[in-house]
Amino acid sequence: MMSDEQPRDAKVLSNQILGMERAKQRRREAIFAAAETMIRSRGDTDFSMNELARAASVSTYTIYNLIGAKDTVFYTLLNLGIDRIENVRVGSFEEGDALLAILGAADSVVATFTEDAGFYRPLMRHLLGVPDPVNRPHFMARAFNYWLNVVQPAADGGIFREDVS
């Protein structure tokens with residue numbers, strides 16, 4: 001009888017843990033959505049963590065526990081922007097002329113940031129003015145890898161001079 005109880009208990013525990021993780025993810029999404037809404041409505045990032053917590057209907061401690069500092073919230077929003085840019089590039093410019101792919105990728109980046117300038121401009125303004133030894137290098141590495149992947153087919157095709165790395 002012990003063996004029948006253990007799998008059932010493990011399954012109940014597994015479902016409880018899964019439910020808690022889903023609740024955490026919903027709270028994270030609420031925090032990011034609230035931050036995005038606040039940036040859009042205010043046109044800046046000059047709000048406190050208390051204001052963000054109220055807008056997300058969570059406690060300030062929840063933000064710190066689930067995400068971290070305000071800069072981490074902002075970098076996460078920028079990384080979601082990179083995700084959107086990468087999805088457009090992969091879907092639209094996967095095949096064909098390497099130079100056209102580079103131009104298409106540049107168009108994707110420009111379109112993303114200019115079509116939603118009211119959101120990205122305040123984010124970039126804030127983050128470029130704040131030293132961040134953890135999130136900035138990660139964000140910059142993602143941006144660098146995006147461009148490296150974009151230009152790699154052109155480099156492999158011998159389009160660039162030999163002395164260009």
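Normalised by the number of residues in the chain, what is the relative contact order in percent for Cα pairs under 8 Å and 6+ residues apart?
23 percent
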So how do 74-81, 126-133 stack up, highest first, on mean other-Cβ count within 10 Å?
74-81, 126-133
Whole-Hz Karplus ³J(HN,Hα) for the range 39-55, in order, using 6.51 cos²θ - 1.76 cosθ + 1.60 and θ = phi - 60°, x for Gly and Pro?
4, 5, 6, 8, x, 7, 10, 8, 10, 8, 5, 5, 5, 5, 4, 4, 5
Can you work out the accessible area per residue across the chain, with the rest of the protein chains kept in place, probe 1.4 Å, in square angstrom?
64 Å²
nm² value of the averaged projected area, convex hull over the Cα atoms of the range 44-85:
3.2 nm²
Grab the alpha carbons of the chain, take their convex hull, and tell me the volume per residue in Å³.
189 Å³
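The values are calculated or read from the model by the stated rules, or taken from the named source; none is laboratory data. Computed from a prediction, not measured in an experiment: that's the story for all the values here. We place every Cβ from the backbone using ideal geometry, glycine too, and count neighbours over all the protein chains shown. Heads up: the accessible areas ignore ligands, DNA and RNA and are worked out on the full protein's heavy atoms, side chains in. Shrake-Rupley method; radii C 1.70, N 1.55, O 1.52, S 1.80 Å.
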